[in-house]
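The values are calculated or read from the model by the stated rules, or taken from the named source; none is laboratory data. These figures come from a predicted structure and were not determined experimentally. Cβ placement follows ideal geometry from the backbone for every residue including glycine, while neighbour counts extend to all protein chains displayed.
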Amino acid sequence: MKTTMNRENNMTKTMMTTALFASAAALVTPAFADEIKLKPLVDARLRYEQVDQDGLAPKAEAVTARARLGVEASNSVFSALVEAEGTLALDEKYNSGLNGKTAYPLIADPENVELNRAQVQFKGLAKTVVTMGRQRINLDDQRFVGAVGWRDNEQTFDAVRVEYMGIKNLKADLTYSWSARTIWGMDGGNRYGAARQQAISGDNVFANVTWKQPLGTVTGFAYLVDQDETKVSGFRNSSQTYGARYAGNFPLTKLAKLSAVVSYAYQRDYKANPNDYAADYWLGELAVEAKGFKLTGGYELLGAGKGTSAGQTLASFQTPLATLHKFNGWADKFLTTPANGLQDMYATLGYTRPKVGPFDAISASVTYHDYDSDRFNIDDGSEINLVLAAKLRKFAFTLKYADYNAKAFATDTSKLWASVEWAY
């Protein structure tokens, strides 16, 4: 009954959004018609991924081709964008999460064809941008809300977003989203993918206020995540998170600079979540950069829930709408925060050099992660990440490796990627 009601509510919201689109279009006078510019949208990727995971005998190997094709029509106050996305598995020796090949390790890139984005944007109000429809949303460093761009099928949102920049150095960003379009694509929720839906409905609110000052940028945020999802989480991913973030850069010499990031957030259960919990988030990071080299050290805590038993599911600090591959190691062992929370101490040494032979830039980095639980301070494991990347005009080449050494959490896992991307 609840699923049927959710579908009806989503249809109603979609119809309301369509009406808003029509209203916005009506605001564009005929005088703008001859000023409209068309821009093609093309983004293609060819990638090889290999996963070797203890406990699963065969290695997973995937060769996937992903393309996003669309067009944007715009003038000075109005734009409309539509974009399709398709993923083809050229070599499917892997568990996509939907193809039933569960003997292989998971590589979350199922074959897919779908509407990725369809949005209307209006800039006719003073210092205000309104975006309506299916859209890509990346907030701050994507720790709480992001597009999951690493996967072939990105995460988008059916939403209305308002960005206000009418006060100097201040930006207010408010989004209401009634559906998160997941990475699982058109077959999500069908057959093998019953626990991996194409979209998760709810009433999500993302509020973000950013204040830029000479000493850095301060952000306050409130993220109200309401996920009507029962097959995996049983509504346990619904949460309310309130916090602040600071990011700043400081010159040390003419050739060197220091950068710092500090963030804190507090999370509680929300809406239909049956858990009663509270958990903290902390991030502290320092980096020194000079002559192309960058040394970064950081600590991130996703706390275990206070007042909950040690094994309670999803009662630790969760970020289900984040670009999760970006955090806590590329082996993706901590996409869901363990019941006892997570402490991640990490260090990265990177180097970037522009204009190397035919390449516009070449970069390389190595990162080491040490993982412990928050509750009981258990040694979960460690991980090494390596990446080599190069840019050549509109092409981007990436060679990437992750090696997770398990202690008390999960199993030893190594992953290798080689990819080429082209965007217009």
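Quick notes
- Subset of region 222-238 [over 22 Å from residue 198 (Cβ atoms) and touching a Leu at 6+ places or on another chain (Cβ under 9 Å)]: 223
- Residue match in region 165-175 (condition: farther than 30 Å from residue 218 by Cβ, assigned to a strand (DSSP E or B) and within 19 Å of the chain's Cα centre (by Cα)): no
- Residue within region 209-217 that is among the hydroxyl-bearing types (Ser, Thr, Tyr) and within 17 Å of the chain's Cα centre (by Cα) present: no
- Considering only residues in region 110-160 that are of a type in the set (Asp, Glu) and assigned to a strand (DSSP E or B), the one that is surrounded by the most Cβ atoms within 10 Å (Cβ to Cβ) turns out to be 158.
- Among the numbered conditions (1) within 18 Å of residue 146 (Cβ to Cβ); (2) at pLDDT 95 or above, the only one that residue 227 does not meet is (2).
- Test: residue in region 288-307 that is under 19 Å from residue 266 (Cα atoms), modelled with pLDDT under 95 and not small (Gly, Ala, Ser): yes
- Look at region 381-401: where a residue is closer than 11 Å to residue 367 by Cα and a partner is among the aromatic types (Phe, Trp, Tyr) and not in a strand (DSSP E or B), sitting 6+ places away or on another chain with Cβ atoms under 9 Å, you get 383/330; 385/330; 387/330; 401/330.
- First in region 270-283 and touching a residue at least 40 places away in the same chain (Cβ under 8 Å), second anywhere and charged (D, E, K, R) and exposed (fewer than 15 other Cβ atoms within 10 Å of the Cβ), Cβ under 8 Å, 6 or more apart: 279/306
- Residue satisfying all of: in region 222-255; in a loop (DSSP other than H, G, I, E, B) and among the hydrophobic types (A, V, I, L, M, F, W, C); nearest to residue 278 (Cα to Cα) among these: 235
- For region 272-294, the set of residues classified as out of contact with any Leu (no Cβ under 8 Å at 6 or more places or on another chain) and farther than 23 Å from residue 344 by Cβ consists of 272, 273, 274, 276, 292, listed by residue number.
- Failed condition for residue 129, given (1) without any contact (Cβ under 8 Å) to a residue 60 or more places away in the chain; (2) touching a Ser or Thr at 6+ places or on another chain (Cβ under 8 Å); (3) among the aliphatic types (A, V, I, L, M): (2)
- Flag for residue 383 being acidic (Asp, Glu) and buried (at least 17 other Cβ atoms within 10 Å of the Cβ): yes
- Qualifying residue in region 234-247 (condition: crowded, with 17+ Cβ neighbours inside 10 Å and β-branched (Val, Ile, Thr)): yes
- Region 319-369: number of residues that are surrounded by 15 or more Cβ atoms within 10 Å (Cβ to Cβ) and among the acidic types (Asp, Glu): 2
- Output for region 76-98, where each listed residue is within 25 Å of residue 194 (Cβ to Cβ) and either in a loop (DSSP other than H, G, I, E, B) or of a type in the set (Asp, Glu) (or both): 85, 92, 94, 96, 97, 98
- Scope region 35-61; condition of a type in the set (Lys, Arg) and part of a strand (DSSP E or B); matching residues: 37, 39, 45, 47
- Checked against (1) crowded, with 21+ Cβ neighbours inside 10 Å; (2) of a type in the set (Val, Ile, Thr); (3) at pLDDT below 95, residue 107 meets all criteria but (3).
- Residues considered: 202, 188, 149, 193. Of these, the only one that is of a type in the set (Gly, Ala, Ser), within 16 Å of the chain's Cα centre (by Cα) and within 20 Å of residue 336 (Cα to Cα) is 149.
- The residue of region 392-424 that is farthest from residue 46 (Cα to Cα), among those that are charged (D, E, K, R) and surrounded by 17 or more Cβ atoms within 10 Å (Cβ to Cβ), is 403.
For (1) out of contact with any Lys or Arg (no Cβ under 9 Å at 6 or more places or on another chain); (2) at pLDDT 95 or above; (3) not in a loop (DSSP other than H, G, I, E, B); (4) not charged (D, E, K, R), each residue gets a yes or a no:
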position: 329; (1), (2), (3), (4): yes, yes, no, yes
position: 382; (1), (2), (3), (4): no, yes, yes, yes
position: 386; (1), (2), (3), (4): no, yes, yes, yes
position: 405; (1), (2), (3), (4): yes, yes, yes, yes
position: 411; (1), (2), (3), (4): no, yes, no, yes
